Amino acid sequence: MADKKATLTLPGEAPIELDVLKGTLGQEEIDVRSLGSQGYFTFDPGFTSTASCESKITYIDGDEGILLHRGFPIDQLALHSNYLEVCYILLNGEAPTKAQFEEFRTIVTRHTMIHEQIHHLFRGFRRDSHPMAVMCGVTGALAAFYHDAMDVNIERHREIAAFRLLSKMPTVAAMCYKYSIGQPFVYPRNDLSYAGNFLNMMFSTPCEEYVVNPILERAMDRILILHADHEQNASTSTVRTAGSSGANPFACIAAGIASLWGPAHGGANEACLRMLEEISNVEHIPEFLKRAKDKNDSFRLMGFGHRVYKNYDPRATVMRETCHEVLNELGMKDDLLEVAMELEHIALNDPYFIERKLYPNVDFYSGIILKAMGIPSSMFTVIFAMARTVGWIAHWKEMHDDGVKIARPRQLYTGYDKRDFKSETAE
Ligand code: SDX
């Protein structure tokens, strides 16, 4: 029961009392659920001021630049944990014991192969298809192969589907890449880590032994951690909305992949690298900043700004450090990193960005690392989707565990009033 009330006073009407809800952390929230029955809706396109659900998975403080997964700060997880352990934490709520983690890792490792028939599914795509289009299609099609455990009302089915998705997404992601370059698919290997297995499926060939570089393996694992979950972002909200109708988990994750692809969301990493390449050197930065501020120009500074963070995205901080580490350890120099660092420096001192609290987000540096690892920009969002699958599943499971109510927003109708139809085309 809320111990605080808000009173909504409308002209000529009795005041409406609304509960004010308080979570563990974060701002208080006015419970408007009863408004519909009293003849009113709230209006909030883009949900800038609307909480769509209650959740215990992830908390973001946008003003302080804080990101917690089940209470654990993202920088601590990125530096001291590993992606599969973070998956366990997101899905189960607590850090695993050694025994729990070994059991979890064994289950995930032993379900990485996909049905052999799915190899033929890839053949239906053009080789030059964008890998995200292939990943979205293949993920949705998994429902045609794993229908033995798809009753979302059965908890054990939800658990099996979760493991299948977590295990098989790296395999599907790597197959999207191999198919796009005309190389044979590489089967998963159970002796490798989650990140190492992905890199092996991406880069090994039948012609010679491929040894996973531990620097790249650690960097990939950290990138996966940093992209694992981010509360009710556009793609997670899409997964929850799709799941609210009772849709099967593969369809829900495919919907999340589709939403993530947008350049305003997960597609920003690919767009950011393209932008840095277009800027190409620091002398061109002022011209691009001018375009970013021009309301008549649709150009945005990709990798900058965020709906929630009005401070530095804590993931960008870790990503920038990892960027330097990877390039230094690989003995690589990347001119784009120089451009990115200078762009960040200039933008963070520019009144336009300061007034609007626009800071680098998770996508600003990730592209530079992925490029240094030999991954083409068309695969950046595929990797984001692979990493975020655990977050999507965690929210999908939480929604079912808490009791699903179909998502059905209302609208402000500004179209025609009722009018009679007279056909102009009738014979
Ligand atoms: C992700 O939600 C999540 O959690 C997402 C994510 C996750 O992990 O799931 O964190 C991943 O999607 C990160 C964001 C990646 N996208 C980009 O980097 C694309 C560039 N960023 C912008 O498109 C934008 O910042 C958004 C979409 C991210 C946020 O947009 P909002 O919250 O709707 O803010 P807005 O568009 O209302 O902008 C407020 C003002 C506007 O100017 P004014 O009208 O006030 O004059 O800031 C300006 C905008 O024009 N602005 C930018 C800008 N971002 C906002 N101006 C220039 N460049 C930018 N990048």
Before anything else, pin down the relative contact order of the chain: Cα pairs under 8 Å, at least 6 apart, normalised by residue count, whole percent.
19
Cβ charges +1 (Lys, Arg) and -1 (Asp, Glu), total dipole of the chain, debye
900
Give the carbon-plus-sulfur fraction of the accessible surface of the range 8-106 in %, rounded to a whole number; probe 1.4 Å, heavy atoms of protein chains only.
53
Just the number, please: carbon plus sulfur as a percent of the accessible area of the range 292-427, 1.4 Å probe, no ligands or DNA/RNA counted.
49
To the nearest 10 degrees, how steeply does helix 155-180 sit against the main Cα axis of the chain, on a 0 to 90 scale?
50
Between helix 83-92 and the chain, what is the angle of the helix's C-alpha long axis to the longest principal axis, kept within 0 to 90° and rounded to the nearest 10?
30
Stretchable slack from K290 to S378, in nm (0.36 nm times residue separation minus alpha-carbon distance):
29.0 nm
With springs connecting C-alpha atoms under 10 Å apart, model the chain as a Gaussian network and identify which of G140, G305, G374 has the largest mean-square fluctuation.
G374
Which of I114, Y88, A161 sits closest to the plus end of the dipole of the range 88-165, meaning its Cα is farthest towards the positive end, when Lys and Arg get +1 and Asp and Glu get -1 on the C-beta?
I114
How large is the charge dipole for the range 155-237, taken about the Cα centre, if only the Cβ atoms of Lys, Arg (+1) and Asp, Glu (-1) carry charge, to the nearest 20 debye?
200
Share of the range 224-283's accessible area from carbon and sulfur, percent, 1.4 Å?
57
Ranked packing of 108-116, 409-417, most packed first, by mean Cβ within 10 Å
108-116, 409-417
For the range 356-427, what is the accessible area per residue in Å², given a 1.4 Å probe and the full set of protein chains?
57
May I ask you to derive the FRET efficiency for K418 and Q76 from their Cβ-Cβ distance with R0 = 56 Å, giving the value to the nearest 0.05?
0.40
To the nearest Å², the heavy-atom accessible area per residue of the range 63-140 with 1.4 Å probe amounts to 52
Dipole of the chain [Lys/Arg +1, Asp/Glu -1 at C-beta], most positive-end residue of H306, S423, T322:
S423
Compute the signed sum of charges (Lys and Arg +1, Asp and Glu -1) over the other residues within less than 14 Å, Cβ to Cβ, of I154.
-2
How far, in nm, would the chain grow between D44 and K5 when pulled straight, counting 0.36 nm per residue and subtracting the alpha carbon separation?
11.9 nm
F299 versus S280: modelled label distance in nm, points set 7 Å from Cα along the beta carbon direction
1.4
Could I have the simple spin-label model distance between I154 and H345, label points 7 Å from Cα toward Cβ, reported in nm to one decimal?
6.1
Helix 380-402 versus the longest principal axis of the chain: what angle, 0 to 90°, nearest 10, using Cα atoms?
50
Determine the calculated [θ] at 222 nm for the chain from helices alone, applying -39500 (n - 2.57) to every DSSP H run no shorter than 4 residues and normalising by the residue count; nearest 500 deg cm²/dmol.
-15000 deg cm²/dmol
What does the extension gain come out to for E338 and V211, with contour length at 0.36 nm per residue minus their alpha carbon separation?
42.7 nm
Please give the peptides 10-22, 142-154 ranked by average Cβ packing (other Cβ atoms within 10 Å per residue), highest first, as a rough proxy for protection.
142-154, 10-22
Which distance in nm do the two modelled labels at R410 and R123 give, with both placed 7 Å along the Cα-to-Cβ direction?
5.4
Given a Förster radius of 56 Å and the C-beta distance between E329 and F145 as r, what FRET efficiency does 1/(1 + (r/R0)^6) yield to the nearest 0.05?
0.90
Placing unit charges on C-beta atoms (Lys and Arg positive, Asp and Glu negative, everything else neutral), compute the dipole magnitude of the range 245-361 about its Cα centre in debye, rounded to 20.
720
How would you order 316-326, 220-230 from highest to lowest mean count of nearby Cβ atoms within 10 Å?
220-230, 316-326
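The values are calculated or read from the model by the stated rules, or taken from the named source; none is laboratory data. Just so it is clear, the structure is predicted and the values come from calculations on it, not from any experiment. Positions of Cβ are backbone-derived with ideal geometry, glycine not excepted, and every protein chain shown enters the neighbour counts. In case anyone asks, the SASA skips ligands and DNA or RNA and just uses the protein heavy atoms, side chains included. Shrake-Rupley method; radii C 1.70, N 1.55, O 1.52, S 1.80 Å.
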